[in-house]
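Okay, structure first, notes after.
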Amino acid sequence: MGLRMRSTVILLSGAGISLFAAKLSGRPLRGHVLFWAFRVAGEPGDRYAAPRRLLTTQRNLSATRDTTAKGASARHVQTFTTRSLARRMKTGLLVRDPDDYSTMLYRPASFWRSDIHVPNQMFIWWERSQGLIWKSVRFGYVADPEFLKWTPDTLYHHDANACDGPAWRKGRCTYLPESQAWDCPHARANGSSPRYFDFHVDKKKLGAGSHKCQGCHWRSPNLITNPSTSNCKCACKNELSCKALATSLQARYGEQAGSDKHICWTNTLNHLVAMQNALWDGWHLKGRVSSHRSYWGWNEVAVHKSTDDPRNWTALLIYITAGLNYEGGGLCGLECFDTKLMRDLDARIDRSVTSARPAIRVGWAGVGQHPGSDVVIARQRLVSGKYLSEFFCQHYTPTFKSAMYKMCARAMTRNGTGHCYIERVGNVCK
């Protein structure tokens, strides 16, 4: 297997680890966990073998160079993983909460990049209450788009319900020129515009989630694009015109829940970033002091269902919302969690551990494995009105009696890469 990219070679010595990048001749290789390890072209074994070997080395090195962590700590640390993710943010990462029970071929994720400066960049809507859970924790995963061979075919700069299937009674419709009809969730529709749909029940139809989530909302009036010729693709050609389009959509259809039906999509990452930031800038400049609590900040991008395979993940992800992060007046980590949030995180982890297809292998033995136990924490730091994403880790033990899981963390040092993993309460951290 040979894939085009730059390779990072990692040398282990008694003095520690030295890293350098080297361009390989021919067709360079791709590694699994960011740029941590790479298999030589033609080497036998599966494509995850090299990353697993490296992370096993990382695990052993961390254990031999560091002392045992004890108790809970509010100290936030950096590991090789968190620093690698920070570097990778320059080109972008994919994050997703797979606990949305999606069964579609294409599913919604969020794209993060260092120049996106809006709050709440992960899905925090709660269907039961029909509102945002601004003081909450989200649990999912972070993945490297380059390793996934992901192409930015469908990028919505706001929540769009584009990949929802029939079960959610939402979703979008995709126009199929060959049949001159729209493929909608459990329906076939005729007409040139979503305003004039003539629906016919058809349980075989699944909607835009079967077509890279490119489509028009079935309740969308007055779209600023030609639906049947573009499937509601954004009518803009550069960052400036896309920013202007986002601003006009915001003014015309509202800034939050009402706008998801009217959001268009693009297939250019720079256009996505320009439009996503434009929505936030327009909202923030109107003087909404606590806007981070009520702002729908996440974008919605289409990823193939194979992305939910743990073998494709860089690490498990705990996301702290902007509202919770600054609730205490300063920058927070897991030490700011009350009992309700601790129970919520514990339950989310347990669902991933005990599901029919477990996404977590708890404990030290799971470090570097897929599924595994490697985890990072993400939050957003407010700098001059812009919310900038950052990764870190910390030792964490929930304080309620029935808690099942904790986090073990060790900072990166000259002699060790550090580690951060999910462990069972009662077990000793490495």
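The values are calculated or read from the model by the stated rules, or taken from the named source; none is laboratory data. Given the structure is predicted, the values throughout are model-derived calculations rather than measurements. Cβ placement follows ideal geometry from the backbone for every residue including glycine, while neighbour counts extend to all protein chains displayed. For the accessible areas, the whole protein counts, side chains as well, though only heavy atoms, and no ligand, DNA or RNA atoms are used. Shrake-Rupley method; radii C 1.70, N 1.55, O 1.52, S 1.80 Å.
For (1) β-branched (Val, Ile, Thr); (2) under 20 Å from Leu341 (Cβ atoms); (3) at pLDDT 95 or above, each residue gets a yes or a no:
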site: Thr103; (1), (2), (3): yes, no, no
site: Pro119; (1), (2), (3): no, yes, no
site: Phe123; (1), (2), (3): no, yes, no
site: Trp126; (1), (2), (3): no, yes, no
site: Gln130; (1), (2), (3): no, no, no
site: Ile133; (1), (2), (3): yes, yes, no
site: Val142; (1), (2), (3): yes, no, yes
site: Phe147; (1), (2), (3): no, no, yes
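Just to verify a result, which residue in region 359-412, among those that are outside any strand (DSSP E or B) and of a type in the set (D, E, K, R), is farthest from the chain's Cα centre (by Cα)?
So the residue we want is Lys401.
What's the number of the only condition in (1) modelled with pLDDT of 90 or more; (2) of a type in the set (S, T, N, Q); (3) out of contact with any Lys or Arg (no Cβ under 6 Å at 6 or more places or on another chain) that Thr154 fails to meet?
The single condition Thr154 does not satisfy is (3).
I need the full set of residues from region 292-345 which are open to solvent by less than 40 Å² (accessible area, probe 1.4 Å) and touching a His at 6+ places or on another chain (Cβ under 6 Å), in order please.
Asn299, Pro310, Ala322, Gly323, Gly333
Here is a yes/no grid of residues against (1) among the polar types (S, T, N, Q); (2) in contact with a strand residue (DSSP E or B) (Cβ under 6 Å, 6 or more places away or on another chain); (3) at pLDDT below 95:
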| position | (1), (2), (3) |
| --- | --- |
| Glu300 | no, yes, no |
| Val303 | no, yes, no |
| Ile318 | no, yes, no |
| Thr321 | yes, no, yes |
| Leu341 | no, yes, yes |
| Gly366 | no, yes, no |
| Pro371 | no, yes, no |
| Leu388 | no, yes, yes |
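What are the residue pairs meeting all of these: first residue in region 166-194, first residue part of a loop (DSSP other than H, G, I, E, B) and buried (at least 18 other Cβ atoms within 10 Å of the Cβ), second residue modelled with pLDDT under 90 and acidic (Asp, Glu), Cβ atoms under 6 Å, and 6 or more apart or on different chains?
Correct list of pairs: Lys170/Asp164; Gly171/Asp164.
So which residues in region 368-395 are polar (S, T, N, Q) and open to solvent by 40 Å² or more (accessible area, probe 1.4 Å), if there are any at all?
Once the filter is applied, which keeps residues that are polar (S, T, N, Q) and open to solvent by 40 Å² or more (accessible area, probe 1.4 Å), region 368-395 yields Gln369, Ser384.
Scan region 396-421 residue by residue and report those that are more than 27 Å from Lys90 (Cα to Cα) and open to solvent by less than 40 Å² (accessible area, probe 1.4 Å).
Scanning region 396-421 gives Tyr396, Pro398, Phe400, Ala403, Tyr405, Lys406, Met407, Cys408.
Cβ-Cβ below 7 Å, separation at least six or inter-chain, first residue in region 396-422 and at positive phi and among the hydrophobic types (A, V, I, L, M, F, W, C), second open to solvent by 60 Å² or more (accessible area, probe 1.4 Å) and modelled with pLDDT under 95: which pairs?
none
Only residues in region 150-161 that are within 10 Å of Thr268 (Cα to Cα) and open to solvent by less than 10 Å² (accessible area, probe 1.4 Å) count as the first member; pair them with residues that are of a type in the set (Ser, Thr, Tyr) and not in a loop (DSSP other than H, G, I, E, B), Cβ under 7 angstrom, at least 6 apart or cross-chain, and list the lot.
Leu155/Thr266
If you check every pair at least six apart or on different chains, which have Cβ atoms under 7 Å apart with a residue in region 272-293 that is under 20 Å from Ile124 (Cα atoms) first and a residue that is modelled with pLDDT under 70 and not in a loop (DSSP other than H, G, I, E, B) second?
Trp283/Ser291; His284/Ser291
Considering only region 220-242, how many residues are modelled with pLDDT under 90, open to solvent by less than 30 Å² (accessible area, probe 1.4 Å) and in contact with a His (Cβ under 7 Å, 6 or more places away or on another chain)?
Going through region 220-242 one residue at a time, the tally reaches 1.
Tell me, yes or no, whether region 200-219 has at least one residue that is buried (at least 17 other Cβ atoms within 10 Å of the Cβ), of a type in the set (Gly, Ala, Ser), at pLDDT below 85 and within 24 Å of Asn299 (Cβ to Cβ).
Within region 200-219 (the criterion being buried (at least 17 other Cβ atoms within 10 Å of the Cβ), of a type in the set (Gly, Ala, Ser), at pLDDT below 85 and within 24 Å of Asn299 (Cβ to Cβ)), the answer is no, since none of the residues qualifies.
Could you please tell me which pairs satisfy a Cβ distance under 8 Å, a separation of 6+ or placement on different chains, a first residue in region 381-395 that is over 17 Å from Tyr295 (Cβ atoms), and a second residue that is open to solvent by 10 Å² or more (accessible area, probe 1.4 Å) and of a type in the set (Asp, Glu)?
Note: pairs meeting the criteria are Gln394/Glu335.
Among the numbered criteria (1) touching a residue at least 12 places away in the same chain (Cβ under 8 Å); (2) part of a loop (DSSP other than H, G, I, E, B); (3) open to solvent by 10 Å² or more (accessible area, probe 1.4 Å), which one does Cys429 miss?
(3)
So Arg361 clears everything in (1) in contact with a Pro (Cβ under 9 Å, 6 or more places away or on another chain); (2) surrounded by 18 or more Cβ atoms within 10 Å (Cβ to Cβ); (3) closer than 24 Å to Ile124 by Cβ except one condition, right? Which one?
The one condition Arg361 does not meet is (3).
Looking at the structure I just gave you, is Gly71 within 20 Å of the chain's Cα centre (by Cα) and either crowded, with 23+ Cβ neighbours inside 10 Å or at pLDDT below 90 (or both)?
Spelling it out, it is not the case that Gly71 is within 20 Å of the chain's Cα centre (by Cα) and either crowded, with 23+ Cβ neighbours inside 10 Å or at pLDDT below 90 (or both).
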